[in-house]
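Novice: My questions all concern the structure below.
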Amino acid sequence: MASLATNFTAFLFLVPLGLRRLLCSSSLYLKNPSLYRSKSWYFSDQKFKNIDLYFLIISLPIASFSEFFFFLTFSGHPTFKFSFFMQSTLLFLFWVLILVIVFRESFDSFIVNESFVFLFAGASFLLEYSVIGKNNTGVGGTVYGLLGELTLVCASACLVLSIKPSAFFAEFFLSCGLVFKGTWLLQAGFSLYTDAFTFKGCHKITIPIANEDVDLKCDLKEDSFRGVALVNLFFVAHVIGVFIGSFLLFGLLSSYRNLRHGEASGPLLAQLEPDSMLVRNEFELE
């Protein structure tokens, strides 16, 4: 059960989040690559720069309870009920993840450390991967199958970071994966849930067929094959666009220090300075 509105909302969540992680992690890595350690969230000393975190804390439970309400009241096909239930569960898990991050930052608990947060995030992405696009076939199945692969990339990156927080390549893939998921969900919303951008020879249907959720019904096999080919072409275009944009951002941060996040002040430097002083003192003692 999806629509252009829900996919557009996910786009508004994921793309800014991924870009912010890429900006902050790249700035921290360029500051001192040898001391780099990924963080579950890149907090700022300016209150308004953390507005995305506050927005997630407020919006995710509202979305979760809304999905659960639809699950209880929707009287349609059992597959739709299962979809509503799983969406509400996943939204709740990611809300819990945000609360765990806030708890970790506020109390600096030894039990809830960075590795645990990344492990929890990876498990949440794996659960999402196991149910995403369930029972979708045809063109819709291809779209959500590719989305599932992006989710698996994010899960793998989180699991790597839980073991090795200094792995910048994993942070880079996590950030790009979040941006990619956002842009691909927007593409899916336009391709599957709008009449203006529906593939030639295909049209939307809302009635489950043979206990399957079919987003598009294509009249001919040739139309379905053409739709799948276009989906793969769009996916390649998104890959090229996201990675070119990410490398350009990294290159700009490398060339212009004033563009980096927390370069002059803030908690990023505050965490780096003690480590830098420790390394400097050890070198002087030797």
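The values are calculated or read from the model by the stated rules, or taken from the named source; none is laboratory data. Every value quoted in this text rests on a predicted model; they were computed, and no experiment measured them. Every residue, glycine among them, receives a Cβ derived from its backbone with ideal geometry; neighbour counts consider all protein chains shown.
Novice: Among the residues of region 70-91, are any aromatic (Phe, Trp, Tyr) and modelled with pLDDT of 80 or more?
Specialist: Scanning region 70-91, I find no residue that is aromatic (Phe, Trp, Tyr) and modelled with pLDDT of 80 or more, so the answer is no.
Condition check ((1) more than 18 Å from Phe235 (Cα to Cα); (2) outside any loop (DSSP other than H, G, I, E, B)) across all residues:
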site	(1), (2)
Ala123	yes, yes
Ser130	yes, yes
Gly140	no, yes
Leu146	no, yes
Leu159	yes, yes
Ser162	yes, yes
Ser166	yes, no
Ala170	yes, yes
Leu174	no, yes
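Novice: Here is a list: Tyr144, Tyr193. Which entry is surrounded by 14 or more Cβ atoms within 10 Å (Cβ to Cβ), at pLDDT below 85 and aromatic (Phe, Trp, Tyr)? Outline the logic, then answer.
Specialist: Working: Tyr144 fails: at pLDDT below 85.
Among Tyr144, Tyr193, only Tyr193 is surrounded by 14 or more Cβ atoms within 10 Å (Cβ to Cβ), at pLDDT below 85 and aromatic (Phe, Trp, Tyr).
Novice: Next question, about the same structure. Test Ser59 against the criterion of being assigned to a loop (DSSP other than H, G, I, E, B) and at pLDDT 75 or above, and give yes or no. Lay out the reasoning, then the answer.
Specialist: Values: assigned to a loop (DSSP other than H, G, I, E, B): no; at pLDDT 75 or above: yes.
It is false that Ser59 is assigned to a loop (DSSP other than H, G, I, E, B) and at pLDDT 75 or above.
Novice: In region 233-259, what residues are within 20 Å of the chain's Cα centre (by Cα) and among the polar types (S, T, N, Q)?
Specialist: Ser246 - this is the single residue of region 233-259 that is within 20 Å of the chain's Cα centre (by Cα) and among the polar types (S, T, N, Q).
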